[in-house]
Amino acid sequence: MSARVALALGGVLATSLAVPGVAGAHVRIGTLAVDVRVRVLSPSQHAPFAVTADSGSRSLRLEVEQGHRVVVLGYLGEPMLRIDGRGVEVNAASPTADASGLVAKSGKHTGWEQRDGAAVWRDPRLQGLPSGSERASWSIPLLVDGRRTQIAGELERVPRPTVWPWLLLALALAGAGSLFALSREQHRLREGCVVLGGVSTLAAMVAAAGFAFEPHATGSRVAAVYLLLFAVGGAGFAVFGPQEVRVAAAAWLGLLGLMAGLAFGQVFLHGFVLSVLPAAVTRAAATLAVGSGAAACLLGGLFYARLEPAPPALPPALPRR
């Protein structure tokens, strides 16, 4: 391997290892899958407020139409939250508000305290699903313009997926992609690395997009942006970069897809996937990213390992006497 190729390959691989580490220090993907799904079954569509549930944190978000007031009652019947045209207020003396993390732990708090933003809280009544139970109902009483009503819903345990079929599929994909390694022709290794690297990153981006467009996504949106930027950079080197680094850039795309697919490992351990895509599609995309990414890394390494060293330069001819 020539010094120029080795230097280029080393630079691309160093970037492959360093950049995701720096990004990982600033990005937390968060919860991608859980075992229990939170459902809101009421109120009706004609109510002057809307409630959504986040299964990842088991929290509720309550939005009230202009001109109406909603008071959320705690598990002792005490006023806990008040939402109206002035904003959101928390009853600092409410035990439920304290248990929900709405009251600061330090200092003494009395009366109603103003809060910025929407009314979002982790209600204790949504946190418990008895061991062995598949479903449990929950309800939270409200006062809507002085009239008593409630939010009602259920907790549903979603069965965990069987892991071994997905593991076999990842191994099969990696093995099928590695068949390019049987060829002794360098262009076959290059083509296989480019194709598999692109497929791996594309599959990882599909899975990441599903998480990013989920209504309650937080860190997964930032992670999806990082993945997109790294993929665009790698694809740019693979297509427009110097000839010496194009295969290394394709292997970098495979490594990127492999790491992203492994980061999505939660979807294989829990039943309910927090994505706008169906759970099976998300798991298939993560599996494809891992299998094809591993094969792309292998082919990229073999491509450079099999490069024939440049012939040594001949010494200059001596002048004739």
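Just so it is clear, none of the values below were taken in a lab; they were calculated from the coordinates. Since the model is a prediction, treat every value here as computed from it, not as a measurement. Counting neighbours? That spans all protein chains shown, and the Cβs are built from the backbone with ideal geometry, glycine included.
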Next item on the list: State the Cα centre-to-centre distance between the stretch 109-150 and the stretch 229-282 in whole Å.
Entry: 39 Å
Next item on the list: Return the sequence-ordered ³J(HN,Hα) values of the stretch 124-140 in whole Hz as given by the Karplus equation 6.51 cos²θ - 1.76 cosθ + 1.60 applied to θ = phi - 60°, using x for Gly and Pro.
Entry: x, 6, 9, 8, x, 10, x, 4, x, 8, 8, 9, 8, 8, 9, 8, 10
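So for the stretch 67-109, what percent of the C-alpha to C-alpha distances run longer than 11 Å?
When all Cα pairs of the stretch 67-109 are counted, 62 percent exceed 11 Å.
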Check: Which value, in Å³ per residue, describes the convex hull spanned by the Cα atoms of the stretch 26-65?
Finding: 83 Å³
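Assuming R0 = 22 Å, what is the FRET efficiency of Arg135 and Thr52, from their Cβ-Cβ distance, to the nearest 0.05? Spell out each step's value before the answer.
Numbers: r = 20 Å, r/R0 = 0.90.
Between Arg135 and Thr52 the formula returns 0.65.
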Checklist line | Difference of contour (0.36 nm per residue) and Cα-Cα distance, Leu228 to Gln186 | finding: 12.2 nm
Check: Whole-Å semi-axes of the stretch 127-224's equivalent ellipsoid, largest first, each the root of 5 times a Cα gyration tensor eigenvalue?
Finding: 49, 20, 7
Checklist line | Segment Val163-Arg306, extension gain: residue separation times 0.36 nm, minus the distance between their alpha carbons | finding: 47.9 nm
Item checked: Inter-label distance, nm, simple model (7 Å from Cα along the C-beta direction), Gln127/Asp145 -> 3.5 nm
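Starting from the Kirkwood Rh over alpha-carbon pairs, what translational D in µm² s⁻¹ does the stretch 40-157 have by Stokes-Einstein at 37 °C and 0.692 mPa s? Walk me through the numbers on the way to the answer.
Numbers: Rh = 14.7 Å.
Here the translational diffusion coefficient equals 223 µm²/s.
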